[in-house]
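Participant: Quick one: the structure is below, questions incoming.
The values are calculated or read from the model by the stated rules, or taken from the named source; none is laboratory data. This one's a predicted model, so the numbers in the text were calculated from it and none came from an experiment. Glycine also receives a Cβ, built like all others from the backbone with ideal geometry; neighbour counts cover every protein chain displayed. Just so you know, the surface numbers come from the protein's heavy atoms only, side chains and all, with ligands and any DNA or RNA stripped out. Shrake-Rupley method; radii C 1.70, N 1.55, O 1.52, S 1.80 Å.
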Amino acid sequence: MTEKLYYTAPKRFEWKTAVTEKVERDGKKLVKLKETAFYPEGGGQPSDEGTINDLEIRGLLEENEDVYHIVSVFPTTNEVTCKLNSSRRIDHMQHHSGQHLLSAVCMELFDFHTESFHLGSDTVTIDLSTTQISAEQMKQIEEKANQYIFENRNIHTFFAEQHELADLPLRKLPDVTENIRIVQIAGIDTSACCGTHVERTGEIGILKLMKTEKQKGRIRLHFKCGFRALADYQTSQDTVQITSQFFQTSKTDIPSRLQALDQETKLLQKENEQLKAENAAFIAEKIGNEQQAQFVHNLFEKKSLKELQMIAARLLESGKSYVLLASLDERCVFLSQKGTLHCGTLFKEYLSFFKGKGGGNEKQAQAKFDDSAETERFFLHMIEKIDQLL
């Protein structure tokens with residue numbers, strides 16, 4: 001049986017021990033140690049990372065009471081030095097203890113039960129048994145959790161027999177019946193858990209709620225703790241400082257400056273759309289005067305699809321029956337009509353011969369191409385085919 005230092009000494013990041021077994025199974029080299037602090041994945045917590053004699057661990061397997069370490073090559077000595085990725089372990093401990101604390105507070109304040117837990121690389125999440133949670137409730141939960149962190153309450157871990165569970169105020173009954181490990185935050189929470197934890201709530205550092213999202217009829221709550229929360233705050237502070245310098249204002253005035261900028265942008269967008277409409281009318285009149293036939297066409301260097309649609313609409317309003325337009329910059333071709341041809345069917349018939357995708361209905365069709373050369377080829381091909389059909 002492997003002695004599990006991640007339970008008895010969770011802050012042991014370097015140690016010497018003996019190799020008790022080397023075995024190759026399913027193409028993997030497995031090493032068993034007399035003592036290990038490397039935590040295998042479980043209970044929503046990812047596995048630890050580190051080295052054995054400077055050999056990187058590729059993964060961990062737990063079988064019964066033994067822990068196997070997956071390596072690329074076996075260590076050459078039976079006495080080995082192990083080093084654990086300490087920052088990763090501390091992050092996991094802070095967040096797993098933080099999750100227990102957060103889940104307990106959600107129950108204490110609003111009777112929201114935690115249905116699941118996931119320790120991700122960015123945020124950590126719990127799924128709560130509620131369909132909604134207000135901003136005020138979020139604030140109360142966050143303040144209460146951080147109050148308990150400030151109180152620096154003891155976190156006690158121990159193993160219990162199944163018959164002892166009835167005497168424990170468990171938040172949730174465990175699924176296992178043997179080797180039941182209990183994590184108890186003094187006066188706050190008692191839960192069965194196989195993960196790694198800090199020794200006092202103060203070591204969680206800080207707990208910051210990030211956001212919520214709806215997930216299968218529940219609320220998924222994202223949060224960060226400890227050093228990860230600090231790093232997030234530092235990033236946010238840098239962003240605020242850069243934004244403040246950009247606007248040449250204090251950070252408290254940034255929201256009002258953004259609102260003013262948003263209003264100005266919307267006004268400019270409205271003016272721009274009006275100018276584009278006027279320009280489309282001018283271009284349509286010019287094309288109509290130059291091309292007296294019912295079928296008109298034009299190839300533009302730079303026009304958006306929306307502009308092509310506006311020009312085509314103007315041309316049809318002026319009495320034209322068929323309008324074919326293309327933009328080399330946007331690599332698109334647009335056809336619109338008020339005659340008898342079916343635009344979508346026409347495009348679909350010939351698009352397969354070109355490197356393009358598109359489609360449409362009876363009145364209009366559009367296509368997009370990989371490059372401007374294919375755009376022009378398809379445009380010229382469609383002029384020829386439409387001329388033949390008319």
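Participant: Hey, can you tell me all the residues within region 102-123 that are closer than 16 Å to Ser191 by Cβ and in contact with a helix residue (DSSP H, G or I) (Cβ under 9 Å, 6 or more places away or on another chain)?
Facilitator: Listed by number, the residues that qualify are Leu102, Ala104, Val105, Cys106, Glu108, Phe112, His113, Thr114, Phe117, Leu119.
Participant: Same structure again: Quick check on my filter: what residues within region 217-248 are farther than 21 Å from Tyr6 by Cβ and touching a residue at least 60 places away in the same chain (Cβ under 8 Å)? Before you say what the answer is, go through the steps one by one.
Facilitator: Taking region 217-248 as the starting set, the residues that turn out to be farther than 21 Å from Tyr6 by Cβ are 217-224, 229-248.
Those that are farther than 21 Å from Tyr6 by Cβ and touching a residue at least 60 places away in the same chain (Cβ under 8 Å): Gly217, Arg218, Ile219, Arg220, Leu221, His222, Phe223, Lys224.
Participant: Considering only region 202-241, state which residues are assigned to a strand (DSSP E or B) and of a type outside the set (A, V, I, L, M).
Facilitator: Start the filter on region 202-241 by keeping residues that are assigned to a strand (DSSP E or B), which leaves 207-215, 218-225.
Of everything in region 202-241, those that are assigned to a strand (DSSP E or B) and of a type outside the set (A, V, I, L, M) turn out to be Lys208, Lys211, Thr212, Glu213, Lys214, Gln215, Arg218, Arg220, His222, Phe223, Lys224, Cys225.
Participant: Here are some residues: Ala281, Ala293, Ala277, Ala260. Which one is assigned to a loop (DSSP other than H, G, I, E, B) and open to solvent by less than 90 Å² (accessible area, probe 1.4 Å)?
Facilitator: Details: Ala281 fails: assigned to a loop (DSSP other than H, G, I, E, B); Ala277 fails: assigned to a loop (DSSP other than H, G, I, E, B); Ala260 fails: assigned to a loop (DSSP other than H, G, I, E, B).
Unique residue meeting the criteria: Ala293.
Participant: With the requirement that a residue be touching a strand residue (DSSP E or B) at 6+ places or on another chain (Cβ under 6 Å) and either at positive phi or of a type in the set (Ser, Thr, Tyr) (or both), what does region 177-200 give you?
Facilitator: Of everything in region 177-200, those that are touching a strand residue (DSSP E or B) at 6+ places or on another chain (Cβ under 6 Å) and either at positive phi or of a type in the set (Ser, Thr, Tyr) (or both) turn out to be Thr190, Ser191.
Participant: Considering only region 58-73, I want to know if a residue exists there that is free of Cβ contacts under 8 Å to residues at least 60 places away in the same chain, in contact with a Gly (Cβ under 9 Å, 6 or more places away or on another chain) and under 15 Å from Cys194 (Cα atoms).
Facilitator: yes
Participant: So, one more: Only one of (1) within 30 Å of Arg220 (Cα to Cα); (2) of a type in the set (A, V, I, L, M); (3) without any contact (Cβ under 8 Å) to a residue 60 or more places away in the chain is not met by Met93, so which one is it?
Facilitator: (3)
Participant: If you don't mind, there's one more thing I want to ask. Do any residues in region 151-177 that are more than 29 Å from Glu203 (Cα to Cα) have Cβ atoms under 8 Å from those of residues that are open to solvent by less than 60 Å² (accessible area, probe 1.4 Å) and not small (Gly, Ala, Ser), where the two are at least six apart or on different chains, and which pairs are they?
Facilitator: Here the result reads Gln162/Ile180, each pair linking region 151-177 to a residue that is open to solvent by less than 60 Å² (accessible area, probe 1.4 Å) and not small (Gly, Ala, Ser).
Participant: Here is a further query. For region 141-158, name all the residues that are touching a helix residue (DSSP H, G or I) at 6+ places or on another chain (Cβ under 7 Å) and of a type outside the set (S, T, N, Q).
Facilitator: Ile141, Lys144, Ala145, Tyr148, Ile149, Glu151, Arg153, Ile155
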